[in-house]
C-alpha cells in the first residue's frame, strides 16, 4: 500500500529523502509472483552479530514476543520509481537481462508496477526489483518523481509477525506510520517505519499472507 509522507524538507532530511511505499503484487514470503509457480523462498541475508546487552539477539527460544533471533527474515523487495513502466521494463530486460515475472495496475493507488527477477526467475535464492510508474499526476509516485526524479523509492523487509516486530521497533524508539498494520497486496499485512528514524530510508515491513 502507498504511504503518504511529509515533504523531505519538512522532515529535515534534505531533498534526497525517500518517500512513499507501494504495493507488492507477488507472494511476499516466497518472493515470487502469486500467479507464477516460482519457488523463491530462500534468503541470503546474513544475521547481525549477537550482543549480550540486546535481548532481541538472544537465541530464538528466548527472544521476546516469540520472535526469531533476527527481526527480519530477509529483504522482501526494493522499489524503484520510474516515469515510464514499459520503457523501464525494456531497459531492465535488454541491459540487465532481468525477466518480468508479474505486472499489475492499481487504480486505487494510481500506479502501474512490474516485478522483475534478479537473475534466473526459477532460482530459489533469487530476488526481485519492483518498478513503479504513476498512472496520473496525483499519484504518490508522480509526486516522488517530481521531487526526486527516478530512483530508489523504498526498501521492504519480510517479517514473520508485523505486529510483534512493530512493537519491538516502537520500544526502540522508532515511529510507525500506522497504529495497526494494514492489508497489503496478495493478502499481506504491512506497516512502515518513518524515514526520519531510519537514516532517510523509507522502510516497509511485510508479513506474507498465511496461505502463501
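Each reported figure results from applying straightforward, stated rules to the coordinates on display, with no laboratory input. On a predicted model such as this, the values are computed, not experimentally measured, just so you know. In this analysis, Cβ positions are derived from the backbone assuming ideal geometry, glycine residues included, and neighbour counts consider all displayed protein chains.
The order of the peptides 141-154, 85-98, 196-209 by mean Cβ neighbours within 10 Å, most packed first, is 196-209, 141-154, 85-98. Ranking of 74, 128 by neighbouring Cβ atoms within 10 Å, starting from the fewest: 74, 128. In this simple spin-label approximation, residue 103 and residue 209 carry label points 7 Å from Cα along the Cα→Cβ vector, and these lie 2.2 nm apart. The distance between label points at residue 90 and residue 171 comes to 5.2 nm (points 7 Å beyond Cα on the Cα→Cβ vector).
Classify region 136-212 as rounded, prolate or oblate from the Cα gyration tensor: take a ≥ b ≥ c as the square roots of its eigenvalues, call it rounded if a/c is under 1.5, otherwise prolate when a/b beats b/c and oblate if not. Because a/c hits 1.5 or more and a/b fails to exceed b/c, region 136-212 counts as oblate.
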